[in-house]
1. Can you name the condition, by its number, that A:G214 falls short on among (1) within 14 Å of chain B (Cβ to nearest Cβ); (2) of a type outside the set (S, T, Y); (3) crowded, with 19+ Cβ neighbours inside 10 Å; (4) closer than 24 Å to A:V53 by Cα?
2. Identify, from the list B:R295, B:R233, the residue that is modelled with pLDDT of 75 or more and closer than 30 Å to B:N208 by Cα.
3. Restricted to region A:191-204, and to residues that are more than 9 Å from chain B (Cβ to nearest Cβ) and touching a residue at least 60 places away in the same chain (Cβ under 8 Å), which residue is surrounded by the most Cβ atoms within 10 Å (Cβ to Cβ)?
4. Across region A:141-157, what is the number of residues that are more than 10 Å from chain B (Cβ to nearest Cβ) and surrounded by fewer than 23 Cβ atoms within 10 Å (Cβ to Cβ)?
5. Can you tell me which residue among A:L50, A:L64 is crowded, with 17+ Cβ neighbours inside 10 Å, closer than 22 Å to A:A102 by Cα and more than 14 Å from every other protein chain (Cβ to nearest Cβ)?
6. Assess whether B:L224 counts as being within 60 Å of the chain's Cα centre (by Cα), surrounded by 12 or more Cβ atoms within 10 Å (Cβ to Cβ) and either within 30 Å of B:I211 (Cβ to Cβ) or modelled with pLDDT of 85 or more (or both).
7. Taking the options A:V224, A:V138, A:V208, A:V233, name whichever one is outside any loop (DSSP other than H, G, I, E, B), free of Cβ contacts under 8 Å to residues at least 60 places away in the same chain, farther than 18 Å from A:S86 by Cβ and away from chain B (no Cβ under 14 Å).
Amino acid sequence: MKTPSYLQQFFEETGDISRFAARFFKEGFKPRYEFGELVRQAFFIGYKSLPLVGITAFIMGLVLTIQSRPTLVEFGAESWLPGMVSVSLVREIAPMITALIAAGKIGSSIGAELGSMKVTEQIDAMEVSGTNPFKFLVVTRILAATLMLPILSLWSNAIALYGAYLGANIKGIVSWSLYWSQVFQAISYSDFIPSLIKTFFFGFAIGVIGCYKGYNSKKGTEGVGNSANSAVVVSSLTIFVIDLIAVQITDLLGLT
Amino acid sequence: MKNTTSSNVQLGMFVMIGFVLLLGTLYLIGSNQNLFDQTFEVKATFHNVNGLMKGNNVRFSGIDVGTIKKVEIVSDTTVKVTMVIKNDVHSFIKKGSIATVGTDGLMGNKLVNISNPSSGSGETVEEGDMLASTKPVETDAMLRTLDLTNQNLFQITTDLKRVTQKLNNSNSLWSLLLDTSVAQNVKHSIASIRATTKNTTAFTNDLNFLIQDMKNGKGVAGILLRDTASTIRLQKSIQQLQQVTNRALEVTSDIKAVTEKMKTGKGATGVLLSDTAFAKDLKRTMKNIEIASDRFNENMEAMKHNFLFRGYFKKQEKELKKAREDSMAMTFKKIK
């Protein structure tokens, strides 16, 4: 029985991405390290994404609070609003929103950049000139994405919680200090640490998939567009899959 | 180059603030779980912890002072709970303090309440000490009781409703309540009662004095009551009185019998009293006697003047005169 071609393609691509990731570890830990390029990529991936991530997180915090209020009021548990919203934000919403925004912004830019380099044969030229293109282009980007995503997630946590504070004060009154003491009363390490660890994997997935799609871009302008597009789609999907796996692991470890 | 430097600065700030947020969050969460405070441990055993878990709060006088470190089963009826409590409150928790499993609000998280014994004094608790525990209030049991209470309350309010309805429908009561003259009367009555009471008090006082006097043997009643000799005499008197009465009774009965007889006309007196013909005869006889005695008087007067008897009468007159003179002389003599 012949395997259907699309399923074969899927497994083939999964295998390729795995090999690509393995190559990242193999080359990444070997000197010489491209620190300058790493910092430059970190600046683009981290700092340049901050406004977008910040606005999204702020709106999410605000909206989630406003949306949750009526239900809690129905139960007479309005005072639980900060605690409940903060747990949802820290555990799930802030990391996911950050990762999805980053997948859209970083994944597509990496895919397009590497794709066009590949198409214009700059990568080949680099190899000829003696620079390891994988090390210079891929390792720095993946590493930057892996390191920046958690920091972006921390930022988005803080901004989303501030948004939630404003949201809680639109209809009700919660003082600044009461709000934060309720938030930290509700959040425990078992909420915060797994969600922080999760974001490393999100960043890694975004970097690996973006670079893979760009690095293996097909010839022509269409190939660049394709690789940018599929980098976003696949990395977004991967983020959800990782989230699913992460929640299972935290649940198994009893960190609920 | 300048561009790279400024972007590096921006990146550095971004990363640094990220790290500050990370450390701040870690610290704040940790301090909420008392990870960075100086702490001490105390233990308590319970029969039932109602779902108390590691990490739940420990409260002392309503303040969060620690967390639950461990909940473990020791035997089939005992659960040992280890608590971590801040050193700040160490001096306030006594050896006789009591731990209770409670709930934060009606449906909130479980927690352990530590309360001091009512006596207030005692030694401060030490590291690893075992606190006394009381049986926690179970929500189920509470709700069951509440249900019963509600039923009773329902019945009571129903009755109350009926009563108020009756009150509302009765005009007489309302008129009574609204009538000011009633109040006025009541006021007057109360004033009268007050006066009466005052009088009664005075009266009682007097009575008291009287009784006191009687007790002390003063007054007639006192003598009567207290003097045993007079009591005996009195007894005798009463006995004699009894006898007299008895006699009187006999006499009366005799008299009664006589009267009966007289009424019926038996015996001489009876005839005298009841026979009217005889009475007439008697009247006539009496008249005759009267006339006869008048005549006799005349005869006697005539006899005085008769010579035969004159001497006797004169002699008698002289003797009488002499006796009178003698008695007068005697009186003079005595005066002298």
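The values are calculated or read from the model by the stated rules, or taken from the named source; none is laboratory data. Bear in mind that the values here come from a model prediction, so they are computed numbers and not experimental data. Glycine gets a Cβ as well: all are built from the backbone with ideal geometry, and neighbour counts include every protein chain shown.
1. Unmet condition: (1).
2. Step by step, each of B:R295, B:R233 is checked, and only B:R233 is modelled with pLDDT of 75 or more and closer than 30 Å to B:N208 by Cα.
3. That would be A:G203.
4. Of the residues in that region, 2 qualify.
5. A:L64
6. yes
7. After applying the criteria, what remains is A:V233.
Conditions tested, residue by residue: (1) assigned by TED's automatic domain parsing to the domain that holds B:N50; (2) touching a residue at least 24 places away in the same chain (Cβ under 8 Å); (3) loosely packed, with under 12 Cβ neighbours inside 10 Å.
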position: B:V125; (1), (2), (3): yes, yes, no
position: B:G128; (1), (2), (3): yes, yes, yes
position: B:T145; (1), (2), (3): no, no, yes
position: B:Q155; (1), (2), (3): no, no, yes
position: B:N169; (1), (2), (3): no, no, yes
position: B:S172; (1), (2), (3): no, no, yes
position: B:D179; (1), (2), (3): no, no, yes
